[in-house]
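Asker: Dropping a structure here in structure tokens format, bear with me for questions.
The values are calculated or read from the model by the stated rules, or taken from the named source; none is laboratory data. These numbers come from a predicted model, not from an experiment. Here the Cβ is made from the backbone with ideal geometry for all residues, glycine too, and neighbour counts use every protein chain on show. Quick note on the areas: whole protein, heavy atoms, side chains included, nothing else; ligands and nucleic acids left out. Shrake-Rupley method; radii C 1.70, N 1.55, O 1.52, S 1.80 Å.
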Amino acid sequence: MAQLQNKSSTDLKLSPIQHFEELSIRFVDGKLEVLDQTKLPHEMIWVHVEDVERMWHLIKNLSVRGAPLIGVAAALSLAVAATKGKTREEVIESAKYLITSRPTAVNLMFCCNRIIDELTRTKDQDHVQQTCNLACEMLNKEVTMNQSMATYGASLVQDGEGILTHCNTGGLATPGKGTALGVIKEAWTQGKKIHVYVDETRPLLQGGRLTTYELERAGIPYTLICDSMAAVLMRQGKIQRVFVGADRIATNGDFANKIGTYSVAVAAHHHNIPFHVVAPVSTVDLHCPGGSSS
């Protein structure tokens, strides 16, 4: 986990965040780096994020993706900007700018707005340390929430189950173990003999490219399927449970996720198969009353 180092104000401008490494993001040798997910699974390319502008483009072109990761990565880029001399007002404006990279990502708004609110509310404090503290806190909280969700979700999984998942919801999509895929990893770690069916997830193939990559690394048995096969496998009795993530959750419990998730939900309901949504509190949009809201 990331921590803020206890240094003088001069040192803070040099390296305020301690070394940390997650599957999709890291702070190594004083540099914030993200894994370019557009290159996976064929290449592992780490990109140095030297400023907010770079992070904006990485989020925009999906090099950085996954709702929780987007928010934390944006917050960390703001922390880096603050250490490089950005004023309080400039950090606030940079946070507003980052939100425009993916306006539909509620986690991005959650993290950026928290920094904006805190810096606006407490103008008598060192904004560099404030921003770094907040960014590290968000990172650590996501890691902790991931583990909590994984532990609880894994308790629902029965030995020998076939599990379907859609899109990518592991350590590539969030700091830590992951959301829906984190549950699956935890169940496997607990010794449960499961088999994962991975929707390829068109049109960008996050399942085919990224989820299979993570499952391969973890040694978890899986079968990659085209999205339209899920219902047939349910009918054949090969799938006993579904875990998916969420891009946004409304206050009434409605949720938005990658295209194709609705079809999976309908098929699971028809076949009486448990369908679970796994997401952190930062995915809840308190300003959205329901899925039909504009």
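Asker: Determine the share of segment 139-294's accessible area contributed by carbon and sulfur atoms, expressed in whole percent, with a 1.4 angstrom probe. Intermediate results must be reported in sequence, preceding the final value.
Answerer: Details: 3910 of 6900 Å².
Solvent-exposed carbon and sulfur of segment 139-294 make up 57 percent of the total.
Asker: Where only protein heavy atoms count, and the probe is 1.4 Å, what is the accessible area per residue for the chain in Å²? List each step's numbers first, then the result.
Answerer: Details: 13120 Å² over 294 residues.
That works out to 45 Å² for each residue.
Asker: Separate question: Taking the convex hull of the alpha carbon atoms in segment 143-294, what volume per residue do you get, in Å³?
Answerer: On the way: hull volume 16.1 nm³, N = 152.
Spread over its residues, the Cα hull of segment 143-294 gives 106 Å³ apiece.
Asker: Per residue of segment 163-176, in order, report the coupling 6.51 cos²θ - 1.76 cosθ + 1.60 (Karplus, θ = phi - 60°) as ³J(HN,Hα) in whole Hz, putting x for Gly and Pro.
Answerer: Listing the rounded values in order: 10, 9, 9, 10, 6, 10, 9, x, x, 7, 9, 7, x, x Hz.
Asker: Quick one: which residues, 5 or more positions from VAL284 or on another chain, have an amide H under 5 Å from its amide H? H modelled 1.01 Å from N in the peptide plane, none for Pro or chain starts.
Answerer: The list, which skips near neighbours in sequence, is ILE249.
Asker: Based on alpha-carbon centroids, what's the gap between segment 218-294 and segment 149-163 in Å, whole number please?
Answerer: Each part reduced to its Cα centre gives a spacing of 15 Å.
Asker: Evaluate the relative contact order of the chain (contact order divided by residue number), counting alpha-carbon pairs under 8 angstrom at least 6 apart; express in whole percent.
Answerer: Values: 577 pairs, mean separation 47.9, N = 294.
Value for the chain: 16 percent.
Asker: Which value, in debye to the nearest 20, describes the size of the charge dipole of the chain about its Cα centre when Lys and Arg Cβ atoms bear +1, Asp and Glu Cβ atoms bear -1, and nothing else is charged?
Answerer: On the way: 29 positive and 30 negative charges, 81 e Å.
Using Cβ point charges on Lys, Arg, Asp and Glu, the chain gives about 380 debye.
Asker: Give, as a single signed number, the net charge of other residues whose beta carbon lies under 13 Å from the beta carbon of GLY160, with Lys and Arg counted +1 and Asp and Glu -1.
Answerer: Once positives and negatives cancel, what remains is +2.
Asker: ³J(HN,Hα) across segment 26-41 via Karplus (A = 6.51, B = -1.76, C = 1.60, θ = phi - 60°), whole Hz, x for Gly/Pro?
Answerer: 7, 10, 10, 6, x, 10, 7, 9, 10, 7, 6, 7, 6, 8, 6, x
Asker: Heavy atoms only, probe 1.4 Å: what % of the accessible area of segment 9-83 goes to carbon and sulfur, would you let me know?
Answerer: On the way: 1410 of 2950 Å².
Using a 1.4 Å probe with all protein chains present, segment 9-83 comes out at 48 percent carbon and sulfur.
Asker: Taking the Cα atoms of the chain, report the difference between the largest and smallest coordinate on each principal axis, in whole Å and largest first.
Answerer: Principal-axis extents of the chain (Cα, largest first): 64, 40, 32 Å.
Asker: Oh, and also: Give the longest segment of the chain that steers clear of GluC sites (Glu not before Pro) in DSSP loops with at most 16 neighbouring Cβ atoms within 10 Å, not counting the sites themselves. Walk me through the numbers on the way to the answer.
Answerer: Values: sites that count: GLU43, GLU50.
Maximal segment without exposed cleavage sites: 51-294.
Asker: Then there is this: Using +1 at the C-beta of Lys and Arg and -1 at the C-beta of Asp and Glu, which of ILE239, LEU210, ASN252 has the Cα lying farthest in the positive direction of the dipole of segment 193-258?
Answerer: Positive-end residue among those listed: ILE239.
Asker: Using a Gaussian network model of the chain whose springs link C-alpha atoms within less than 10 Å, name the residue from ALA95, ALA218, ALA256 with the highest mean-square fluctuation.
Answerer: Looking only at ALA95, ALA218, ALA256, the biggest GNM fluctuation is shown by ALA218.
Asker: If we count every other residue with Cβ under 10 angstrom of ARG202's Cβ, Lys/Arg +1 and Asp/Glu -1, where does the sum land?
Answerer: On the way: positive: LYS258; negative: ASP199, GLU200, ASP227.
Residues near ARG202 contribute -2 overall.
Asker: Debye sum, Cα scatterers, segment 99-195, no solvent: what log₁₀ I/I(0) at q = 0.12, 0.13, 0.16, 0.21 1/Å?
Answerer: Scattering profile of segment 99-195, log10 relative to I(0): -0.52, -0.58, -0.76, -1.02.
Asker: Right, next: Choose one answer from LYS84, LYS192, LYS39: the residue with the largest mean-square fluctuation in a GNM of the chain with alpha-carbon springs under 10 Å.
Answerer: Largest GNM mean-square fluctuation: LYS39.
Asker: Please compute the volume of the convex hull spanned by the alpha-carbon atoms of segment 39-155 and report it per residue in Å³.
Answerer: Cα-based convex hull of segment 39-155, divided per residue, equals 111 Å³.
Asker: Among bridges DSSP assigns within the chain, what percent are antiparallel (round to 5)? Let's see the in-between values first.
Answerer: Values: 13 of 28 bridges.
In the chain, DSSP labels about 45 percent of beta bridges as antiparallel.
Asker: Diagonalise the Cα gyration tensor of segment 210-264 and give the resulting equivalent ellipsoid semi-axes, square root of 5 times each eigenvalue, largest first, whole Å.
Answerer: Working: eigenvalues 103, 57, 21 Å².
Computed over segment 210-264, the values are 23, 17, 10 Å.
Asker: TYR222's amide H: which non-local residues (gap 5+, or another chain) put their own amide H closer than 5 Å, with H modeled 1.01 Å from N in plane and none for Pro or chain starts?
Answerer: Under 5 Å from the amide H of TYR222 lie the amide H atoms of VAL196, each far enough along the sequence or on another chain.
Asker: With a sphere of radius 14 Å drawn around the Cβ of ASN146, what net charge do the other residues whose Cβ falls strictly inside it have (Lys, Arg +1; Asp, Glu -1)?
Answerer: Values: positive: LYS141, LYS177, LYS185; negative: GLU22, GLU142, GLU186, GLU214.
Local charge sum for ASN146: -1.
Asker: Still on this model: Please list 3J(HN,Hα) in residue order for segment 91-103, calculated via the Karplus relation 6.51 cos²θ - 1.76 cosθ + 1.60 where θ = phi - 60°; whole Hz, with x for glycine and proline.
Answerer: 5, 4, 5, 5, 5, 4, 5, 4, 4, 6, 6, 8, x
Asker: Please list the non-local residues whose amide H lies under 5 Å from the amide H of LYS86, H modeled 1.01 Å from N, same-chain partners needing a gap of 5 or more.
Answerer: Answer set, sorted by chain and number: none.
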